[in-house]
2 protein chains.
Amino acid sequence: MKVAIVGGTHGNEKTGIFLIRKFLENPSLLPAEHQYKLLIGNPKATESHQRYLDFDLNRAFHSKVILPTDYEFTRAQTLQKEVESWSQDSPFFLVDLHTTTSNMGPSIVLSKKDLFSAHVADLVLKQNPETRLVFNTRSESKGHCFVESMAPHALLIEVGPVSQNTFNPKAIESTETLLKQILGAIDKVSHQNHLPPITLSGYQEGGSEPFPKDSKGLVAACIHPQFQGRDFQVLKPGDPLFLHRDGQTIAYDGKKELHPIFIGEAAYLEAGAAYTRAWKAEETFTDSSSGS
Amino acid sequence: MKVAIVGGTHGNEKTGIFLIRKFLENPSLLPAEHQYKLLIGNPKATESHQRYLDFDLNRAFHSKVILPTDYEFTRAQTLQKEVESWSQDSPFFLVDLHTTTSNMGPSIVLSKKDLFSAHVADLVLKQNPETRLVFNTRSESKGHCFVESMAPHALLIEVGPVSQNTFNPKAIESTETLLKQILGAIDKVSHQNHLPPITLSGYQEGGSEPFPKDSKGLVAACIHPQFQGRDFQVLKPGDPLFLHRDGQTIAYDGKKELHPIFIGEAAYLEAGAAYTRAWKAEETFTDSSSGS
């Protein structure tokens, strides 16, 4: 099958960039079953060690708010054309390699209501029970703007915790292992004559929750010691979320049990976000749910 | 004694920023023995979650290469004037709060050939044997450009590993503990009538070592799994340093045993640095070595 692998969608997530360059130099390190397109998503941000220059590339595809003068506006168009020219209208799979500063371990994010992608995710989860599946499919109906929107079939890899702008061997190894499990699963799924409907268990991603702020709008609390690093673990009403500068513990006052992710993610600080709401969910994928 | 505490010398190291704001709001949380000046070193970089805007503030004091148009040029002058106006020529101690993405634990950096600062460091090390002492005194003779250069007596705190732009409770607690140990030690030392010469054991900081590069000048190797996280631990000739993209291990080919620090530090990637050379050292401080 045709498989596009993208690293450096965010220029300060060096793990994917390292792997793309490694495979460009040694294509034989990738399983021979597929035809690959290896891409650095945001080359200028990669060069300057920033997440992005003007606009987050992973929110830039068909975005209604990006400016035509933003570097990522042009970059998204260039990527789209390059991928279209390579895929020649044949179905293909896209894997986007990301890292997080949060303690999300090896995880995969499914943002498409796509049966093929769901079967791939299913095989990966069965192969490695430590890997977590995040559903981000709700955004699709609103017209999401991810790099994955270029492809009929796709998964996003999130590995953490790892600091931005580090070439960390553990994150690289973990990402490479997960990528190869995905590539193996793509091969298996592509050889099935019929893909039955499938129901997957994972974590539905919701919106982000802000840090408590002071009167000047500045972050006034840190992540609570009992919350830090507990990505994917249960958060019950009354559980501690933040430790305020004044020494007070701020508890979760929602009614719904959550399993938060991206706890304290550095990239989301500019938006004031402290964590992303998520909860255990099952999602069913059928032929008709497929976007391709 | 008069004590200046600086956080946010680097705008993406949020631990010190959090603590400065905390103490500004609740000055009574600081020991009552001292008169404090609490400062955010680089407010604009803090606001934009960057290390610096135009030039590293912690290399900006009396720097010969900073441009007068750089924000940090003016900021360094403003800080200097504010501190001079507060200190009124009386001796004071400055503590600069930093974090690192490297596994440096709680550590203190002594960049002054100063007997008073050395005695403070000695008491801190005795109180907490986990804390490491780094000597950066060699740079003083060359006219170092640190924030500490404003003060006759100073120590810098480095705590890690912690990601930039995160409000991490562990890093905040560790830094606050170390800061309070320093403040306690300053009080004790300031009450001694005579400070005898003292010899301290620590790690002498040398220059940084680059990542292996490819023909395009891009980082071609990650930190080796056996080197990652081993800050302050012994590195012997032949020990693995890097894992090249081609799969080869690159070993340390020096002859001298090292105890490297800042292994894989994110902030040093823009300079291409992979780690900082350091080695076990003893340094003697006498009255005449004092800069004040």
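The values are calculated or read from the model by the stated rules, or taken from the named source; none is laboratory data. Bear in mind that the values here come from a model prediction, so they are computed numbers and not experimental data. As a convention, Cβ positions derive from the backbone with ideal geometry for all residues, glycine included, and neighbour counts pool all protein chains shown. We work out accessible area using only protein heavy atoms, side chains counted, and drop any ligands, DNA or RNA first. Shrake-Rupley method; radii C 1.70, N 1.55, O 1.52, S 1.80 Å.
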Original post:
Within region A:75-98, restricting attention to residues that are among the polar types (S, T, N, Q) and touching a strand residue (DSSP E or B) at 6+ places or on another chain (Cβ under 7 Å), which residue is surrounded by the fewest Cβ atoms within 10 Å (Cβ to Cβ)?
Top reply: A:SER90
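Quick grid of which residues meet (1) open to solvent by 20 Å² or more (accessible area, probe 1.4 Å); (2) within 14 Å of chain A (Cβ to nearest Cβ):
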| site | (1), (2) |
| --- | --- |
| B:GLN228 | yes, yes |
| B:ARG245 | no, yes |
| B:LYS256 | yes, no |
| B:TYR268 | yes, yes |
| B:ALA274 | no, yes |
Original post:
Based on what the data block shows, is B:ASP287 in contact with a helix residue (DSSP H, G or I) (Cβ under 8 Å, 6 or more places away or on another chain) and open to solvent by 50 Å² or more (accessible area, probe 1.4 Å)?
Top reply: yes
Subject >> Any chance A:ILE20 is within 21 Å of the chain's Cα centre (by Cα) and at pLDDT 95 or above >> reply: yes
Original post:
Of (1) surrounded by 24 or more Cβ atoms within 10 Å (Cβ to Cβ); (2) out of contact with any Leu (no Cβ under 7 Å at 6 or more places or on another chain); (3) part of a helix (DSSP H, G or I), B:THR101 satisfies all except one. Which?
Top reply: (3)
**OP:** Considering only region B:230-243, state which residues are open to solvent by less than 30 Å² (accessible area, probe 1.4 Å) and at positive phi.
**Re:** B:PHE232
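One line per residue, one yes/no per condition, for (1) touching an Asp or Glu at 6+ places or on another chain (Cβ under 9 Å); (2) closer than 22 Å to B:ILE263 by Cα:
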| site | (1), (2) |
| --- | --- |
| B:ILE108 | yes, yes |
| B:LYS112 | yes, no |
| B:GLU130 | no, yes |
| B:SER149 | yes, no |
| B:VAL159 | no, yes |
Original post:
Of the residues that sit in region A:14-53 and are part of a loop (DSSP other than H, G, I, E, B) and under 20 Å from A:SER149 (Cα atoms), which one is most open to solvent (accessible area, probe 1.4 Å)?
Top reply: A:TYR52
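Quick grid of which residues meet (1) more than 20 Å from A:PHE116 (Cβ to Cβ); (2) modelled with pLDDT under 95:
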| position | (1), (2) |
| --- | --- |
| A:THR15 | yes, no |
| A:ILE40 | yes, no |
| A:ALA60 | yes, yes |
| A:ILE66 | yes, yes |
| A:THR78 | yes, no |
| A:GLU84 | no, no |
Original post:
Which number in (1) at pLDDT below 95; (2) within 14 Å of chain A (Cβ to nearest Cβ) marks the one condition that B:SER292 misses?
Top reply: (2)
Subject >> Flag for A:GLY217 being over 23 Å from the mean Cα position of the chain (by Cα), within 12 Å of chain B (Cβ to nearest Cβ) and closer than 30 Å to B:LYS14 by Cβ >> reply: yes
Original post:
From the list A:GLY202, A:GLY264, which one is within 14 Å of another protein chain (Cβ to nearest Cβ), within 17 Å of A:MET104 (Cα to Cα) and either touching a strand residue (DSSP E or B) at 6+ places or on another chain (Cβ under 9 Å) or not charged (D, E, K, R) (or both)?
Top reply: A:GLY264
Original post:
Restricted to region B:157-181, and to residues that are more than 7 Å from every other protein chain (Cβ to nearest Cβ) and of a type in the set (Ser, Thr, Tyr), which residue is nearest to the chain's Cα centre (by Cα)?
Top reply: B:THR175
Subject >> strands (runs of 3 or more DSSP E) contained entirely in region B:109-221, each with at least 1 residues that are in contact with a Pro (Cβ under 9 Å, 6 or more places away or on another chain) and open to solvent by less than 20 Å² (accessible area, probe 1.4 Å) >> reply: B:153-160
